[in-house]
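The values are calculated or read from the model by the stated rules, or taken from the named source; none is laboratory data. Quick caveat: nothing in here was measured; it's all calculated off a predicted structure. Note that we place each Cβ from the backbone using ideal geometry, even for glycine, and neighbour counts take in every protein chain shown.
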Amino acid sequence: MALISVEEALARVLDGVTTLPTEEIPIGEAHGRVLAGTLASRRTQPPADLSSMDGYAVQAADIVTVPANLRLIGESAAGKPFDGTMRAGETVRVFTGSVMPQGAEQVVPQENVGRNGDQVTINSPPKSKFVRRQGLDFKAGQVMLETGHRLNARDIGLLAAMDYARVTVARRPRVAILPTGDELVAPGTGDAPDRIVASNPHALAALIRQENAEPIDLGIVPDKLELITVAIARARELQADVLVTLGGASVGDHDLIAPALAQAGIPLSFHRIAMRPGRPMLLGLASDMRVLGLPGNPVSTFVCAFLFLLPLLRKLQGRVDLLPEAEKATLGRALDQNDHRQDFLRAKLARAPDGELVATPFKLQDSSMLSVLHAADCLIVRPPHAPAAAEGAPCEVLRIAD
């Protein structure tokens, strides 16, 4: 298959993807989940006029001239409102969050007041009314959260204030992870020089969890066609929405992902992208599962997962913000002319004295170097055939921090 562009590859990955079925969950479990419907408030907030200070509720006409003497007729505390109506010449002790008494117009803070039994003296007028009016924050029926929004911690607090104990969200995508390679061993067992510790499955699982999807570990599979085919079948048995293979995605004698997919009856949509790192990536389209075949080098795995898997997981959950947000920056180091591939260079971000973002690409960009990926804050995006760029030239970056 011919090389295709990054844009075309992403379009094919997302084409035809629909939101997964929904489920209703407690709001205590909803952080990071994606709303499956628009939510309007079930109540008005505040539900009544409330005092915003500890002090005394008064009528404005009674404190035009100070000092003013008023008669204390009761108290309104949070959850225990005053039962009655306050008239001219009267006052009610109020506390922060308590319901304003009927007939009261404003609050005088307690530090402006003297008291002797039920006699209250207003010594100085308040600088504000110190009343939070009913509906100041939001009103019943007001739409506060939209379909496709990923819930953050602030949203959870808002949901609770809106009187929601449960919400309907998209089901978590299930992502099967299939690392392949005779050389791979689990972390903690990598003593032999002819073995490679399988770091990719762990980084990938963390990315998947970060998107509130569920990783399924299929275990390391050797470079044997029949074993890889069995693992693909296992992913389908586990009802994975996405299968991500790691390694074996190129076209060498030991690259068996494409042949295994063919044996499993899963056609390829593309095999190779005009990008660096990550050229050998492939996409398989089964009726019940999408297959992303990622290259085995760890930086290639991460970059491909960041650019293609994360948007796929977001679309499966019905999110409206699918793609990482590009930001403008300037180069902290000169770059040579680019070839026919789109580059994603690992770089460090900093702020110039004028506040402008500066992205400095690392000199070593080898796709095997986890230390460079670990140190990077962003990817500098360089289009195919981009001309040489001097230090200080404008560039586009994608942040990769959690």
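Points to keep in mind about this one:
To keep it simple, each residue is scored yes or no on (1) surrounded by fewer than 20 Cβ atoms within 10 Å (Cβ to Cβ); (2) free of Cβ contacts under 8 Å to residues at least 12 places away in the same chain; (3) basic (K, R).
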residue: R115; (1), (2), (3): yes, no, yes
residue: N123; (1), (2), (3): yes, no, no
residue: V131; (1), (2), (3): no, no, no
residue: A161; (1), (2), (3): yes, no, no
residue: V167; (1), (2), (3): no, no, no
residue: T180; (1), (2), (3): no, no, no
residue: L184; (1), (2), (3): no, no, no
residue: G188; (1), (2), (3): yes, yes, no
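- Criterion (farther than 19 Å from S5 by Cα, among the aliphatic types (A, V, I, L, M), outside the structural domain of P280 (by TED's automatic domain parsing) and modelled with pLDDT of 95 or more) met by exactly one of A347, A386: A347
- The stretch 357-379 residues that are basic (K, R), paired with ones that are modelled with pLDDT of 95 or more (beta carbon under 8 Å, 6 or more apart): K363/R333
- The requirement of being more than 30 Å from I400 (Cα to Cα), modelled with pLDDT of 95 or more and basic (K, R) is satisfied by R234.
- Tally of residues being buried (at least 17 other Cβ atoms within 10 Å of the Cβ) and either over 45 Å from the mean Cα position of the chain (by Cα) or at positive phi (or both) across the stretch 75-92: 4
- In the stretch 326-344, the residues that are under 17 Å from D366 (Cα atoms) form Cβ pairs under 8 Å with partners that are of a type in the set (S, T, N, Q) and part of a loop (DSSP other than H, G, I, E, B), at six or more places apart or across chains, as follows: Q342/S5.
- Selection of the stretch 316-351 for residues being in contact with a helix residue (DSSP H, G or I) (Cβ under 8 Å, 6 or more places away or on another chain) and of a type outside the set (A, V, I, L, M) yields D321, P324, Q342, F344, R346, K348.
- Counting only residues that are surrounded by fewer than 17 Cβ atoms within 10 Å (Cβ to Cβ) and among the β-branched types (V, I, T), the stretch 45-66 holds 3 of them.
- Residues located in the stretch 28-56, provided they are β-branched (V, I, T) and touching an Asp or Glu at 6+ places or on another chain (Cβ under 9 Å): T38, T44
- Test for E75: is it farther than 16 Å from S124 by Cβ, of a type outside the set (A, V, I, L, M, F, W, C), touching a residue at least 40 places away in the same chain (Cβ under 8 Å) and in a strand (DSSP E or B): no
- Residue satisfying all of: in the stretch 97-121; farther than 19 Å from D83 by Cβ and of a type in the set (A, V, I, L, M); nearest to the chain's Cα centre (by Cα) among these: V108
- Filter pass, G284 being closer than 28 Å to D402 by Cβ, free of Cβ contacts under 8 Å to residues at least 60 places away in the same chain, in the same structural domain as F306 (by TED's automatic domain parsing) and not in a helix (DSSP H, G or I): no
- Of the helices (runs of 4 or more DSSP H) lying entirely inside the stretch 289-402, those containing at least 2 residues that are farther than 30 Å from T38 by Cβ span 298-304, 370-375.
- Unmet criterion (only one of (1) without any contact (Cβ under 8 Å) to a residue 24 or more places away in the chain; (2) crowded, with 19+ Cβ neighbours inside 10 Å) for A352: (2)
- Here is the figure for the stretch 51-72: residues that are of a type in the set (A, V, I, L, M) and either outside any strand (DSSP E or B) or not assigned by TED's automatic domain parsing to the domain that holds V113 (or both) total 6.
- Filtered residues of the stretch 93-107 (kept if surrounded by fewer than 23 Cβ atoms within 10 Å (Cβ to Cβ), part of a loop (DSSP other than H, G, I, E, B) and out of contact with any Lys or Arg (no Cβ under 9 Å at 6 or more places or on another chain)): F95, T96
- Tally, over the stretch 265-288, of residues that are crowded, with 20+ Cβ neighbours inside 10 Å and farther than 22 Å from R346 by Cα: 5
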